[in-house]
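Below is one structure, written out as structure tokens; the observations come after it.
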């Protein structure tokens, strides 16, 4: 193994999608030599490697699935400021840290600071959904969420996966990972918002170390919430994030989320999706847009997954987009 260096930039290269299969000692060495990841892989002596990975990496967030019948050992090869969260589906994983040892199992997800890790060992028959996020991005999300507190809370190293908040976090990680590849290829304007929501979920639901108090939420005025609604309406065809909306209205993200729940009975992301659907419906049934392909109209308002768009549209308007267009044509 190579010693850990301080080449932080080289350890984080955005990739819209990546996949790797390691099935021999030669492939293992080649992967370590050519990889842009912050770790080197190894296996126990006399064990043939069998490791598969697939995922995507933005400038701040990396999400991927890992499967390995052989198990594996990883050691950091560069210093990089990231946190890693893992939901283990099968087997177990052990982190040997400077501050002690942490074990993850299917019942307990893990959250570790990469700077604290000296070695990670995954058992045979291991599989997991994994995510890493830069400390800079998570600190910025925390500042937006709390209204100006960039210092991250003291997270517990493990969390019970059966709690409602952790179930929601796992489902969100899986959704963001699946959307990541198409976002990288097709310009999904909703993807930055979905990715941001994941950061806020992690900050909100992951348990703190014992004895650490959480920050109190702040309130927001009705006039500021109106500004937020106006900003959303004016920018529906552009990528939107909660931090951007909150900043435009002079609110913290947590206050913005609270106002949406209290005043509309829905989340901000549900509200934005509803408004984008309304604009899509308006364009689909407009005579002036009759020659514009349905997919182009959908993409204009942030819907790049056509099957998902069709289901959402029918759920709200009671018919498919093509049916709505035909009916509008007959009326016109």
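When the range 291-316 is examined, which residues are found to be touching a residue at least 40 places away in the same chain (Cβ under 8 Å) and in contact with a helix residue (DSSP H, G or I) (Cβ under 7 Å, 6 or more places away or on another chain)?
Selection gives 301, 302, 303, 304, 305, 316.
Is it the case that the range 297-318 has a residue that's over 29 Å from residue 192 (Cβ atoms), at pLDDT below 90 and not in a helix (DSSP H, G or I)?
Looking through the range 297-318, none of the residues is over 29 Å from residue 192 (Cβ atoms), at pLDDT below 90 and not in a helix (DSSP H, G or I).
May I ask you to verify whether residue 86 is in the same structural domain as residue 191 (by TED's automatic domain parsing), part of a strand (DSSP E or B), under 22 Å from residue 133 (Cα atoms) and modelled with pLDDT of 95 or more?
yes
For the range 174-200, name all the residues that are touching a helix residue (DSSP H, G or I) at 6+ places or on another chain (Cβ under 8 Å), modelled with pLDDT under 90, surrounded by 16 or more Cβ atoms within 10 Å (Cβ to Cβ) and in a helix (DSSP H, G or I).
176, 179, 180, 183, 191, 193, 194, 195, 196, 197, 198
Look through 236, 229, 242 and report the one residue that is modelled with pLDDT of 90 or more and out of contact with any helix residue (DSSP H, G or I) (no Cβ under 8 Å at 6 or more places or on another chain).
229
Can you tell me which residues in the range 91-137 are touching a strand residue (DSSP E or B) at 6+ places or on another chain (Cβ under 9 Å), touching a residue at least 40 places away in the same chain (Cβ under 8 Å), exposed (fewer than 15 other Cβ atoms within 10 Å of the Cβ) and not in a strand (DSSP E or B)?
Correct list: 106, 107, 125.
Can you name every residue in the range 151-173 that is within 27 Å of residue 240 (Cβ to Cβ) and modelled with pLDDT of 85 or more?
Scanning the range 151-173 gives 151, 152, 153, 165, 166, 167, 168, 169, 170, 171, 172, 173.
The values are calculated or read from the model by the stated rules, or taken from the named source; none is laboratory data. Since the structure is predicted, the reported quantities are computational estimates derived from the model, not experimental observations. FYI the Cβ positions are ideal-geometry reconstructions off the backbone, even for glycines, and counts take in every protein chain you see.
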